[in-house]
Amino acid sequence: MAFKFATGSTAEGRKISDERTAAEAPFLNAAFWVPGVKIAFRVLTAHKSQNGPYVSARLIGTDEALKVFKDAEGQIREAGFDPFDLPETLDVDGEEVVCVRVGNLAGIYQARVKALAGYKSTYFAAGDVMFLV
């Protein structure tokens, strides 16, 4: 089954389309996370399962990611990693995808806890942008 990103013609249509595509997106399993891999994505939906929390997300490339790192003067803030060359699509099991699901692997759990330290919620929410390197 091919997972393709469909776009809606209105903001609400796009949201529905994103959620439907994300619900069918493949999980990025432990084998995906090899040294040197880096991705950025915007959380579309957040879920809790018996295996722990996971998010469905749409990948974002360098152009969109850089918007997150620009300050009020348009200068790129220190990102802590190279925000360039971020893929907008991934090949997962021979299929090119723009939406993925990311689960509660140990490293992601640690990243989530660190990123949300001091916040009321300890889970990512729709709209959050994540950079995983």
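The values are calculated or read from the model by the stated rules, or taken from the named source; none is laboratory data. Since the structure is predicted, the reported quantities are computational estimates derived from the model, not experimental observations. In this analysis, Cβ positions are derived from the backbone assuming ideal geometry, glycine residues included, and neighbour counts consider all displayed protein chains.
Six or more apart or on different chains, Cβ under 6 Å: which pairs go from a residue in region 27-50 that's within 15 Å of Gly127 (Cβ to Cβ) and touching a residue at least 12 places away in the same chain (Cβ under 8 Å) to one that's in a strand (DSSP E or B) and β-branched (Val, Ile, Thr)? Could you list them?
If the second residue must be in a strand (DSSP E or B) and β-branched (Val, Ile, Thr), the pairs left are Arg42/Val129; Val43/Val55; Ala46/Val55.
Restricting attention to region 5-49, and to residues there that are out of contact with any Leu (no Cβ under 7 Å at 6 or more places or on another chain) and of a type in the set (Asp, Glu), which single residue is modelled with the lowest pLDDT?
So, considering only residues that are out of contact with any Leu (no Cβ under 7 Å at 6 or more places or on another chain) and of a type in the set (Asp, Glu), the one modelled with the lowest pLDDT is Glu12.
Could you list, in sequence order, all residues of region 61-86 that are surrounded by 13 or more Cβ atoms within 10 Å (Cβ to Cβ), in a loop (DSSP other than H, G, I, E, B) and either under 11 Å from the mean Cα position of the chain (by Cα) or modelled with pLDDT under 75 (or both)?
Of everything in region 61-86, those that are surrounded by 13 or more Cβ atoms within 10 Å (Cβ to Cβ), in a loop (DSSP other than H, G, I, E, B) and either under 11 Å from the mean Cα position of the chain (by Cα) or modelled with pLDDT under 75 (or both) turn out to be Gly61, Ala79, Pro83.
Kindly evaluate Ala126 against the criterion of being surrounded by 10 or more Cβ atoms within 10 Å (Cβ to Cβ), modelled with pLDDT of 85 or more, out of contact with any Asp or Glu (no Cβ under 8 Å at 6 or more places or on another chain) and over 18 Å from Val37 (Cβ atoms). Show your work before the answer.
On the way: surrounded by 10 or more Cβ atoms within 10 Å (Cβ to Cβ): yes; modelled with pLDDT of 85 or more: yes; out of contact with any Asp or Glu (no Cβ under 8 Å at 6 or more places or on another chain): yes; over 18 Å from Val37 (Cβ atoms): yes.
Spelling it out, Ala126 is indeed surrounded by 10 or more Cβ atoms within 10 Å (Cβ to Cβ), modelled with pLDDT of 85 or more, out of contact with any Asp or Glu (no Cβ under 8 Å at 6 or more places or on another chain) and over 18 Å from Val37 (Cβ atoms).
Starting from region 91-118, take each residue that is outside any loop (DSSP other than H, G, I, E, B) and list its partners that are loosely packed, with under 10 Cβ neighbours inside 10 Å, counting only C-beta distances under 9 angstrom and pairs at least six apart or across chains.
Glu95/Met1; Glu95/Ala2; Glu96/Ala2; Val97/Ala2; Val97/Asp91
Only one of these is at pLDDT 75 or above and surrounded by 12 or more Cβ atoms within 10 Å (Cβ to Cβ): Val100, Val113. Name it.
Selected residue: Val100, the only one of Val100, Val113 that is at pLDDT 75 or above and surrounded by 12 or more Cβ atoms within 10 Å (Cβ to Cβ).
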